[in-house]
1. Of all the accessible heavy-atom surface of the chain, with the other protein chains kept in place and a 1.4 Å probe, what percent is carbon and sulfur?
2. Of the lysine pairs in the range 196-313, how many meet both conditions: Cα atoms under 26 Å apart, and a spacing of 8 or more in sequence or different chains?
3. Mind putting a number on the dipole of the chain about its Cα centre? Charges go on the C-beta only, +1 for Lys and Arg and -1 for Asp and Glu, and I need it in Debye to the nearest 20.
4. Figure the gain on full extension for residue 98 and residue 49 (residue separation times 0.36 nm, minus the Cα-Cα span) and round it to one decimal in nm.
5. Multiply the residue separation of residue 309 and residue 245 by 0.36 nm, subtract the distance between their alpha-carbon atoms, and state the gained length in nm to one decimal.
6. Tell me which residues come under 5 Å, amide H to amide H, from residue 64 once H is placed; ignore anything under 5 positions away on its chain.
7. Highest GNM mean-square fluctuation, the chain, Cα pairs closer than 10 Å: which of 97, 59, 223?
8. Whole-Hz Karplus ³J(HN,Hα) for the range 54-66, in order, using 6.51 cos²θ - 1.76 cosθ + 1.60 and θ = phi - 60°, x for Gly and Pro?
Amino acid sequence: MGEVDPAFVQSLEHQPKLDIIEAEGIPLIDLSQLINSSDNDSSLASLVSKVGDACKNWGFFQVINHGVPLKYREKIELAERKFFALSKEEKKKVSRGEANPLGYYDTEHTKNVRDWKEVFDFTVMNPTIVPASHVPEDKELREWVNRWPQYPPELREACEAYAAEMEKLAYKLLELIALSLGLPRTRLNGFFKEHTSFIRLNHYPVCPVPELVLGVGRHKDAGALTILAQDDVGGLEVKRKTDGEWVFVKPTPNAYIINVGDIIQVWSNDKYESVEHRVMVNSRKERFSIPFFLNPAHFTWVEPLEELTNKENPKYKAYNWGKFFVTRKLSNFKKLDVENIQIYHFRI
């Protein structure tokens, strides 16, 4: 990315500390018990309890023995590296834009500060149906269609195969989270029949001033849950709930890092919290990661679930996911006549 433009520099209070604290407490959960367990199995109950504790205390956890064959991850990671190694001119042939925010992008901002990264986005369902605009009265819909580069030729196949595996894992995790909230196992599944989930390929180049910039600034994920594959370089930091310290999530080979997003915070009526996180950059090594963002159908109205609000008033008004999602996406390309939307805008 050449010289460090001031647009990348974080304000003093948000600049990362290079003497990192490792997040030893983030739970590492073995999902192998899930394969042969029934709803009444004691091993399933133990697993559900671990997931519930992780969601409540951290908002993050890692999973191993998750059932995703390693070959799918290896293929997409190799294709990702080949794509980002292309010239800027070649990558920009599939640049994303306001009309279709899928494809390549290298000028994303978080909290109005530019991120030290380049990305490639694609949706799991192709096409994906979303509202045409953020305007509440506008009922028109639009199709987002994936834009695949000519090189490397294997990228599309690797991405689509990986997406299918992520979808399977996402439903397993969603069911564990539902059970941990005391809900029927498939209570949340119906929200995702025409989902707007997407996957992002992230590349964080070597940075000469890692103490001044961030790969991704502090943020919370807007969707239901995120499944992250990170390489062995690492860079993810999570804001610890107990003391507000930023702690480093050390890479675990072939594990996935899971975090609950804003939608699960709302559905659970704040029992589970979507936690702030960010990404540090490195002065010696480039870093690659692949997050899968599980999002519901565009017509979903997100609000606290009735089963979880019997004894207390709901803490959020209902909001339309499609409008929320499109508002967030459009804010990458132009200044809107609305503030960048957050779930706290719907607090009662």
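The values are calculated or read from the model by the stated rules, or taken from the named source; none is laboratory data. Being a predicted model, the structure only gives us computed values, none of them experimental. Quick reminder, even Gly has a Cβ in these numbers, built from the backbone with ideal geometry, and neighbours come from all protein chains shown. Ligands, DNA and RNA are stripped out before the accessible areas are found, and what is left, the full protein with its side chains, is counted by its heavy atoms. Shrake-Rupley method; radii C 1.70, N 1.55, O 1.52, S 1.80 Å.
1. Values: 7930 of 15820 Å².
Using a 1.4 Å probe with all protein chains present, the chain comes out at 50 percent carbon and sulfur.
2. Going through the range 196-313 pair by pair, I get 13.
3. Details: 46 positive and 50 negative charges, 60 e Å.
Value, rounded to 20: 280 debye.
4. Numbers: separation 49, 0.36 × 49 = 17.64 nm, distance 4.26 nm.
13.4 nm is the gain from fully extending residue 98 to residue 49.
5. In short, 19.9 nm is gained.
6. 29, 30, 31
7. Maximum among the listed residues: 97.
8. Values per residue, Gly and Pro as x: 5, 4, 6, 8, 10, x, 9, 7, 10, 10, 10, 6, 8 Hz.
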